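What follows is one structure encoded as structure tokens, with my remarks underneath.
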Amino acid sequence: MKRLRILLNGPFAGPHAGFALAERRGYLAAAGISIDWQAGKGASAVIPELLGGAYDAAYGDLNALALALGGLPPESGPKAIYAAFNQTPLTIAVRTGEGIATPRDLEGRTVLGHTYDAALQMFPALVVAAGVDASRVKLVFAEDSLGLMVRRMVETRDCDGVFGFVNTIKASLSEEGLSIEDKVGFIEYRDWLPSFYGNSLLASPALLADAGLARALVEAVAKGFADLRADPEAGIDAVMEMRPQLDRAINLRRLKGTLAIEMNHAERPGVRDGDVDPARLQEALDLLARAFPETRPLKAQEVFAQLRPA
């Protein structure tokens, strides 16, 4: 049995149900793999830890990976091997009823975010895509929970937006016991960045070098996510078996939101769940090159390794 260390974007929760099913239904064990799951601090924060060599794989934002690879020599870093989110979950929560509906409406306003937040990190891409004057948007770093930052936006009004994931923000509001969802709207990156993928399983160079092991991992994970799409309730059951202290209702709601948005892009025919459309990924990489001109341009095959046979 080969034991792998995998860093998740956060503590095990509803959106990780595909991994939970792969484990609880024995798909990983059948592939000769056991997993030491570790909780990370965000979808972009996992990237430097993976680059540091402490983990065999990580679950994080594909675009943040591409940004990091743009600063490395070709073919020297990790690659995505399974794209669980086939559209980006990145968002900016805003107050409703105040005329903040598009990225350009943020000009002259203040937006909060964690220093490691993927939406904050990818804000320059949104700026390019939507034609925002970034010099007129004030970005402020904060360390409160997403729920408390959104509460601060709604109640104290000392900021106008909060970076995050749509379903993570909604879950955080529920966990904090805040009944303010009717006062919160979202500027969703997917509306301006339709070529962007989201959270993906990212393999270290060492894991990629063992092609058989990496392929076995992808096949087991793909089976878990296929089962999840067929039966979300079974997915949340698997999560609760692994983390019984979680609130089932909140995590089921979060999972269903993830299935409805982040895992629901209408890919072209022939693109399997977990794979990427190379042309679509290349469009995203070309936009990143414009938004971050200090990094080198990338080709799709440098970012995603197609391990499953066609």
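Here residue 54 meets each of (1) buried (at least 22 other Cβ atoms within 10 Å of the Cβ); (2) within 13 Å of residue 203 (Cα to Cα) with one exception, condition (1).
The set of residues in region 282-310 being within 21 Å of residue 221 (Cα to Cα) and open to solvent by less than 70 Å² (accessible area, probe 1.4 Å) consists of 303, 304, 305, 307, 308.
Yes/no matrix, rows are residues, columns are (1) farther than 12 Å from residue 221 by Cβ; (2) open to solvent by less than 60 Å² (accessible area, probe 1.4 Å):
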| residue | (1), (2) |
| --- | --- |
| 2 | yes, no |
| 10 | yes, yes |
| 19 | no, yes |
| 22 | no, yes |
| 33 | no, yes |
| 37 | yes, yes |
| 40 | yes, yes |
| 47 | yes, yes |
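Among helices (runs of 4 or more DSSP H) entirely within region 112-159, having at least 3 residues that are open to solvent by less than 40 Å² (accessible area, probe 1.4 Å) and modelled with pLDDT under 95 singles out 146-151. If you go through region 290-310 and keep only what is in contact with a Lys or Arg (Cβ under 8 Å, 6 or more places away or on another chain), assigned to a helix (DSSP H, G or I) and among the aliphatic types (A, V, I, L, M), you end up with just 303. Any residue at all in region 186-204 that's in a strand (DSSP E or B), over 21 Å from residue 9 (Cα atoms) and not polar (S, T, N, Q)? Yes - at least one qualifying residue is present in region 186-204. If you take the residues in region 78-95 that are open to solvent by 10 Å² or more (accessible area, probe 1.4 Å) and more than 26 Å from residue 106 (Cα to Cα), which one is nearest to the chain's Cα centre (by Cα)? The qualifying residue nearest to the chain's Cα centre (by Cα) is 86. Any idea which of (1) farther than 20 Å from residue 75 by Cβ; (2) in contact (Cβ under 8 Å) with a residue 60 or more places away in the chain; (3) part of a loop (DSSP other than H, G, I, E, B) is the one residue 245 doesn't satisfy? Result: residue 245 fails condition (2) only. Do we have residue 209 as aliphatic (A, V, I, L, M), modelled with pLDDT of 95 or more and either open to solvent by 60 Å² or more (accessible area, probe 1.4 Å) or over 20 Å from residue 147 (Cα atoms) (or both) here? The answer is yes for residue 209.
On inspection, residue 271 passes the criterion of being assigned to a loop (DSSP other than H, G, I, E, B), of a type in the set (A, V, I, L, M) and surrounded by fewer than 18 Cβ atoms within 10 Å (Cβ to Cβ).
For region 36-84, which positions are polar (S, T, N, Q) and not in a loop (DSSP other than H, G, I, E, B)?
Within region 36-84, 38, 63 qualify.
A single member of 157, 215 is among the charged types (D, E, K, R) and on the phi > 0 side of the Ramachandran plot, and it is 157.
The values are calculated or read from the model by the stated rules, or taken from the named source; none is laboratory data. It should be emphasised that the depicted structure is a prediction, and the values quoted were computed from it without experimental measurement. When we count neighbours, we look across all protein chains shown, and the Cβ atoms used for this are built from the backbone with ideal geometry, even at glycine. We work out accessible area using only protein heavy atoms, side chains counted, and drop any ligands, DNA or RNA first. Shrake-Rupley method; radii C 1.70, N 1.55, O 1.52, S 1.80 Å.
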